[in-house]
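The values are calculated or read from the model by the stated rules, or taken from the named source; none is laboratory data. Everything numeric in this text was worked out from a predicted model, so none of it was measured. Here the Cβ positions follow ideal geometry from the backbone for every residue, glycine too, while neighbour counts run over all protein chains shown.
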Amino acid sequence: MPGEHRFPSPLDVPRDLAEQALSGSFDVGDARIHHITDGIMFGRRRFWFTGIDPALWTAPLGITDPDTEFPVNFGLFVVELAGAVTLVDCGFGPGIHDLGESRGGDEMRHRLREIGIGPDDVDRIVLTHMHYDHCGGLVTDAGTAQARLAFPRSRVLVHAAELAYWTGPDSETDPMGTYVRARILPVIEAGLVTTFDEEAEIAPGVTAIPMAGHTPGHTCVRVTSRGEDCLLVGDLAHHPIHFRHHDWLPEIDADPRASIEARGALAEMAIDLDAIVTGPHMPILTLGRLGRDATGEVTWSRVEPGDASRRPASAKRGGVPRA
């Protein structure tokens, strides 16, 4: 309920995969934002809290066993605003099947069709980073003679440092390297990749904000419309509790110090903007606003989808009209 400051527990959601939501939508001003999945599964998540005494992170999440399985959404966002469609990340693709049982795995294009969006409707794709679960849907049948671009008219925007890592020699020993290169190289060959190295408006009302640390060019995305804001935080927060505990980091973070600084900057920005915050790995829909308690610590308050926009429903012009 609005105003709730308790952080979500992994026990708050149904334990049956069949009951997990595959998509959900909310408004921010005139922007229509869809959170869709490319696979949901349950799994142990100790590595989201690397080096932290389990007693510290389990208690505020309402669990006692650090091996309690969390719902994990390999999700992405679709932003419809000002007549344009922007994807924020591009799903996992077939690699998700190597991780175990999932719901909706490698079905991104099905989820898009369900909200009325086809491959040619997507104007651009911004990658928060290029881990395989964020760029896996760029190409279909990757690595085969049948490989083709999944979104043939879409420009793909990514931080220059991120692209340099995944197309350079350092990625050749990265366990994700082969999978990632098979997705991004065909897009580069098609001349559809654009890079940025600082904050950049990538579409009307959609801004890429570099916040490195998780990866060399990790980026968050700000959506602004009618004086309202949403921050799509990529992998800076896998769970809302990370908005408060900036040093509770996943072991995969490339630069822990930079990640901690980025999380702090993100929290300040979210509070200053009174923005909705959400991330791709959170269950659909996990929306919140950040604030501070009497001690100055960051708080997270759940926001229901219908309350995400402060504009009356009757005043909204909606997203992109579909036939």
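Taken as a whole, region 157-166 holds no residue that is in contact with a strand residue (DSSP E or B) (Cβ under 7 Å, 6 or more places away or on another chain), without any contact (Cβ under 8 Å) to a residue 40 or more places away in the chain and among the small types (Gly, Ala, Ser). Going by the conditions given, is ASP235 closer than 18 Å to ALA82 by Cα, in contact (Cβ under 8 Å) with a residue 12 or more places away in the chain and either in a strand (DSSP E or B) or of a type outside the set (Gly, Ala, Ser) (or both)? No. In the set (1) buried (at least 23 other Cβ atoms within 10 Å of the Cβ); (2) at pLDDT below 95, the condition left unmet by ALA147 is number (1). Out of all the residues in region 38-52, is one or more part of a loop (DSSP other than H, G, I, E, B), β-branched (Val, Ile, Thr) and touching a helix residue (DSSP H, G or I) at 6+ places or on another chain (Cβ under 7 Å)? No, that holds for no residue.
One residue stands out in region 273-323 among those that are surrounded by 15 or more Cβ atoms within 10 Å (Cβ to Cβ) and over 27 Å from LEU61 (Cβ atoms): the one that is modelled with the highest pLDDT, namely SER309.
Residues in region 257-306 that are assigned to a helix (DSSP H, G or I), touching a strand residue (DSSP E or B) at 6+ places or on another chain (Cβ under 6 Å) and under 21 Å from ASP12 (Cα atoms): PRO305 alone.
Looking for something aromatic (Phe, Trp, Tyr), surrounded by fewer than 24 Cβ atoms within 10 Å (Cβ to Cβ) and at pLDDT 95 or above - is there at least one such residue anywhere in region 82-96? No - not one qualifying residue is present in region 82-96.
Examine region 242-255 for a residue that is more than 17 Å from ARG124 (Cβ to Cβ) and in a helix (DSSP H, G or I), and state whether such a residue exists. Scanning region 242-255 turns up at least one residue that is more than 17 Å from ARG124 (Cβ to Cβ) and in a helix (DSSP H, G or I).
Entry remark, region 114-144: residues being in contact with a strand residue (DSSP E or B) (Cβ under 9 Å, 6 or more places away or on another chain), surrounded by fewer than 24 Cβ atoms within 10 Å (Cβ to Cβ), β-branched (Val, Ile, Thr) and assigned to a loop (DSSP other than H, G, I, E, B) number 3 in total. Taking the conditions (1) within 24 Å of HIS97 (Cβ to Cβ); (2) of a type in the set (Gly, Ala, Ser); (3) buried (at least 19 other Cβ atoms within 10 Å of the Cβ) in turn, ALA212 satisfies each one other than (1).
When ALA200, ALA262, ALA270, ALA237 are checked against the criterion of being farther than 23 Å from PRO60 by Cβ and aliphatic (A, V, I, L, M), ALA200 stands alone in meeting it. Each residue in region 33-58 was checked for being farther than 19 Å from VAL233 by Cβ and not aromatic (Phe, Trp, Tyr), and 12 of them qualify. Among the residues of region 255-269, some residue qualifies, meaning at least one is among the small types (Gly, Ala, Ser) and either on the phi > 0 side of the Ramachandran plot or free of Cβ contacts under 8 Å to residues at least 24 places away in the same chain (or both). Among the residues of region 150-174, those identified as of a type in the set (Val, Ile, Thr) and modelled with pLDDT of 95 or more are VAL156, VAL158, THR167. Within region 62-77, if we keep just the residues that are in contact with a Ser or Thr (Cβ under 7 Å, 6 or more places away or on another chain) and without any contact (Cβ under 8 Å) to a residue 60 or more places away in the chain, the residue that is farthest from VAL221 (Cα to Cα) turns out to be THR64.
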